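K.L.:
One structure follows; several queries about it will come next.
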């Protein structure tokens, strides 16, 4: 597996380096590359980029590499404004791409993805065992140029890089909200930027069956509202991903999460139908009947044709969240359990999975499923995709199953990038055996589909998933959160260049709110307020917007806000820096905080008037009021801090009450992320003995308490 | 032809209307529909839209209509925030769609596209002879809902509508700058919004051969830089367009504009090669040799396979701008002309076209070409696409050829929408015979590709092409420019909903300028300045940016500006209103103008500082200085007008000099569109006898002189 690759091949390069007199520098590496490479050594010189790049391939017939250099040139030219140098540009920077072999047309996950990149004033040498490694090297190279004044250059450097994990995935749920092929393609392009290599498509669920079956077309014609990929379209998509070094692993979630299947096959459900496509979110009762041979006949047909369509050996069968209601209520099923000595519903589930595994084995596939399928009765060749957490990983690897970590990477929860960044696929190495450790293949970010449309999905995936990509690619020791955020801001632009719409989607969402062109008086205030709000975390939106389901468009205030407000995060960082600066904070820092709050207060004050004209903005009235109250409390605390006086207890109490009010639930399902840093300001300003209160550990604890995201759900990924 | 349809079938509806007591109202019709329908009668009542639309189709198996209603629902739900009503919503507005026949899978241009739309509180009846007409009716229906406070409704109305012309096209040049299939698809969706029905793809030119040939793959492998549509991809695209009622007419431009062909076939050029893909813009020498049988053999192969790929009967062979250099220089060719009695190069061109026409006739195609192919020796069945102007239309129709008007609809010139809006395919009816008039099939907007990339092309097509679409669809009498602009602002949002990126592209372009995320101090000023500039008109950019060619990315200041600045247009309108208001303009109006200039001046003053930090913004320094000078001159004039005094002659002279300076060429290739209205202000403020000067006709003349766009090129669509 790639993560075990040694750097034997790199030694020669290091020796060569030493001879060339390039200075070796220790971490932290100064190149803004994301994911951070395994090893970087920088030299003092720079390679000028007056005329762009020219590539020479050691394997000039490798279509995957030729096309990749074409995309490289287009992205680079668009960023830099430099021309494509064409064939005749002696002043262009020469890039020699040396590969020793081509990976198979469809990557399998066992290829060597490592590469070496040597940049000097004389040119660039990119060498890799396979073209997949070379693709990664090209993405790194494309992150190296820096602009100084009007001219571009690259710092001299030697990079030795390889992935920590072989499986670095992104799950996209196309079942709950349909995502057309163009959405998938642009996100595949973005995945390649940050070296993710597996696209996991959650193709079926209660709310939709999203792929054409030729053996049973009734599945998609009755179960999809016409929203499904044709097989030809899917084959195209798989080729598109493979050209970018990305595998496609399909998921057909059975036996639960199958309402869309039993719309056309009610006879295969565990209780009589009829059934209709599910429009709501949660865990539902319909489940396939594992006691009927017809169930396996249908699965053999459908999974058989899908096994032929999807070249990857991994085949995900879901297996999660069967609530047992239908099985319990059906006496025939319970009798079957007794007669076959299966003990209980989990025993029946294991029986079902064994039958399923036989179908998949026959088709040459390796079964993957969520935690619930981990059962000692199944062959250890299957893979467990762990959404439940670190204990599930420990127990599954103890049973000898290979494991993926999804838990901690639930980007649909709208948590900050930092929370995902610090979740490691290897939860606590000291508690696992070497054998267990060797079973952890990697992880995947999960873009569940309840609250994303084709318009908003990019903004929910990017840029936060780049932090997860770094966790899966870079050495485990790379954990500096503030350095991650610094590089995340840059990689966000690189993702935009590659086609992701996470930055460009915003104006469209603001237009939804006002139903008009932007540029009206106050539109900048609306923009600012939206930038200062975030969607509620976890799955709370469903409890606040109880009217919303699959048929309700996602064009509200919550959809217009980003999962993590940069303005609020920078404010938080500056508050912490100011509060922890000493007994008396720097007055300029306090003034800067105050100025921001004043401007934001003024923007929030415009919302009522805007909402009078544009009814779609009414959703923002309550959050804007919360924002104003938060800003006012912050300004009062800052004034006290600046004057070196203690905030009076009754004023502090009033401020805390105002902040509680600003944190209250509202049907717009957004939060005011300025509340935690302002709580910290109020606490600092009202501390009687600031010197004692400012003992770093006490404050760090307070920050953690106040500012940490809400606790992730522990027992179910979908509320009932 | 559709434009000759009578409204016989509508009479019953009108009688029914009268019985129902719906009040009949005369034009101007108050519904913001674009293109304006032929006839509209509005009632006093309103149909409420509490719960969205539910469709019932008289032909429930018409896939084109089923898919269209699906897209309708998605766009409507996203705009309104109302849910898709699903199957069970008694309060939803019922829409009965009644069609009497299905148009063929691939529309031919001869189908009946008319429809009737009857909206009352009881529901909507949409009836049409074909599903193509019903598609148009759905687009009209989707433009009818109005929001009043929080609730949506439709005004009661009866619309009888049909196209004035059967050919309503958009040409996209994918040869000069490559446009991938997703660019074409989203623009096809936008075309359908404004009832355009022909996509003309300019597939080959000196700079690229953009479609896979299976008989001669060397054409695309050597002539495209790898940027071409596969035949499978093109077949998909044609189906995609056909499902939206849109034909696809391919253009293979021969015998000139063929450098990309002779890269792989130098033996077919009229002078010996070798040849390389052309990277520059203009009219070039390479031209196919019409004296060689091998030329016709290749054309028979390639056009033969393309005739099978493209189902439309019309087949465009270009035929423009052969400069004669190669033919003149080749004695064999000149001898051929003499031997065959062809007289001269135009005679040889006619000979070539006859041979070409024979190939196309055999394949069942109707030859279309630019003005240059009009020749009495050719059968009158061919169609002339007229880019040269009204005289060319007169002469070609006099020869008995059907004609299309492209001249006047050159959207690549970056002219205001109004200038295209007032160009009529029938230039002056009084100068044409009835027979000539019957030969005018319609027209097409031409998106030539020199200065558009996949990022910018939507902004160059939309929304201005909606004004052309109205010219081609609506009655000739619909010519109110200010009403057009009012509706254009709304239809622009409808185009965005349908997927066009003309509104969403802007932030990406600003990011190109700064190479960073937006939101930095001053980014709003940069946004404002960019919104107040326009690209230079005609093909002047090539003379100002002489270093630019196909290999240079289009990410500069000119690319970030829109062809028509809304801010500047509104300012111009307000200046004219204020100046023509009487001898002394309304002081509030003058104050509003002054306030705008002051704010814009302040924004422009920020540019130098921004450019210090972001070198990509340096391009804006000179235009921003021009903007400041313009604003200062305007403020001085406004102060004089407000005080009722005359601007001193030397001050007026200084102001005019400043405005001349602001109009000077700069390498950034943008103009300051505020200059003409400020010239008007200065003229008004410096007029000694304002009463006489304000005689409406004198001022209108002045406005015309000052504010009209530059004269379009008359002799060549591409500079040399």
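K.L.:
Considering Cα pairs under 8 angstrom that are at least six residues apart, work out the relative contact order of segment A:167-497 and quote it in whole percent.
P.N.:
18 percent
K.L.:
Related question: Residues in segment A:289-327 near a label at residue A:339, defined as backbone nitrogen under 19 Å from the 7 Å Cα→Cβ point?
P.N.:
Residues A:289-297, A:327 fall inside that zone.
K.L.:
In nm, one decimal, shortest first: how far is the label point of residue A:435 (7 Å from Cα along Cα to beta carbon) from the matching points in the other copies?
P.N.:
Label-point separations across copies, in nm and ascending: 9.6.
K.L.:
For segment B:146-213, compute the orientation-averaged projected area of the C-alpha convex hull (one quarter of its surface), in nm². The partial results should precede the final answer.
P.N.:
Working: hull surface 31.6 nm².
Computed as one quarter of the Cα hull surface, the answer is 7.9 nm².
K.L.:
With bins 20 Å wide starting at 0, give me the P(r) of chain A over every alpha carbon pair, in whole percents.
P.N.:
Whole-percent P(r) values from 0 Å outward: 16, 45, 33, 5, 0.
K.L.:
Also: Run the label-point distances for residue B:104 please: 7 Å along Cα to Cβ, every other copy, nanometres, shortest first.
P.N.:
Spelled out, the distances from residue B:104's label point are 4.6 nm.
K.L.:
Give me the Kirkwood hydrodynamic radius of segment A:588-637, using the inverse of the mean 1/r over all pairs of distinct Cα atoms, in Å to one decimal.
P.N.:
Details: mean 1/r = 0.0886 Å⁻¹.
One over the average 1/r among Cα pairs gives 11.3 Å for segment A:588-637.
K.L.:
A follow-up question, please. Give me the Å³ per residue figure for the convex hull around the C-alpha atoms of segment A:151-272.
P.N.:
Values: hull volume 15.8 nm³, N = 122.
Hull volume over Cα atoms, normalised by residue count, gives 129 Å³.
K.L.:
I need the calculated FRET efficiency for the pair residue B:639 and residue B:588, taking r as the beta carbon distance and R₀ as 25 Å, to the nearest 0.05. Don't jump to the answer; show the numbers that get you there.
P.N.:
Working: r = 15 Å, r/R0 = 0.60.
Once the sixth-power term is evaluated, E becomes 0.95.
K.L.:
Using Cα pairs closer than 8 Å and at least 6 residues apart in sequence, work out the relative contact order for segment A:506-707, in percent.
P.N.:
Details: 279 pairs, mean separation 55.8, N = 202.
It rounds to 28 percent for segment A:506-707.
K.L.:
Then there is this: Looking only at chain A, where both bridge partners belong to it, what percent of the DSSP beta bridges are antiparallel (to the nearest 5)?
P.N.:
Numbers: 26 of 69 bridges.
Expressed as a percentage, antiparallel bridges in chain A total about 40.
K.L.:
Using 20 Å bins from zero, what percent of all Cα-Cα pairs in segment A:167-497 falls into each bin?
P.N.:
32, 58, 9, 0
K.L.:
What value does segment B:354-459 have for Rg/Rh, both radii from Cα atoms and Rh as Kirkwood defines it?
P.N.:
Values: Rg = 15.4 Å, Rh = 14.9 Å.
Rounded to two decimals, Rg over Rh is 1.03.
K.L.:
Here's a follow-up. To two decimal places, what compactness ratio does the protein assembly as shown give when its Cα radius of gyration is scaled by 2.2 N^0.38 Å? Numbers along the way, then the final one.
P.N.:
Values: Rg = 33.5 Å, N = 1440, 2.2 N^0.38 = 34.9 Å.
This ratio for the protein assembly as shown stands at 0.96.
K.L.:
So what's the gap between the Cα centers of segment B:601-671 and segment A:475-522, to the nearest angstrom?
P.N.:
Segment B:601-671 and segment A:475-522 have Cα centres spaced 34 Å from each other.
K.L.:
If you don't mind, another one. From zero up to wherever the largest Cα-Cα distance of segment B:505-707 sits, split into 10 Å bins and tell me the percent of pairs in each.
P.N.:
The percentages, shortest bin first, are 9, 35, 32, 18, 7, 1.
K.L.:
Compute the whole-percent fraction of alpha carbon pairs in segment B:247-316 spaced more than 13 Å apart.
P.N.:
Numbers: 1601 of 2415 pairs.
Across segment B:247-316, Cα pairs with separations above 13 Å total 66 percent.
K.L.:
Along the Cα→Cβ direction, 7 angstrom out, place labels at residue B:377 and residue B:657. What is the inter-label distance in nm?
P.N.:
Placing both labels 7 Å along Cα→Cβ, they lie 6.1 nm apart.
K.L.:
Taking every DSSP beta bridge that has both residues in the protein assembly as shown, what percent is antiparallel when rounded to the nearest 5? Working shown, then result.
P.N.:
Working: 52 of 138 bridges.
Counting DSSP beta bridges with both partners in the protein assembly as shown, the antiparallel share is about 40 percent.
K.L.:
Between copies, how close do the residue B:482 label points come, placed 7 Å along Cα→Cβ, listed in nm from shortest?
P.N.:
Residue B:482 label point versus its equivalents elsewhere: 5.8 nm.
K.L.:
What FRET efficiency, computed as 1/(1 + (r/R0)^6) with R0 = 25 Å and r the Cβ-Cβ distance, is obtained for residue A:605 and residue A:520, rounded to the nearest 0.05?
P.N.:
Values: r = 17 Å, r/R0 = 0.66.
For residue A:605 and residue A:520, the calculated efficiency is 0.90.
Values quoted throughout were computed directly from the atomic coordinates according to the rules given, and no laboratory measurement underlies them. What you see is a predicted model, and the numbers here were worked out from it, not measured in a lab. Neighbour counts run over all protein chains shown; Cβ positions are idealised from the backbone, glycine included.
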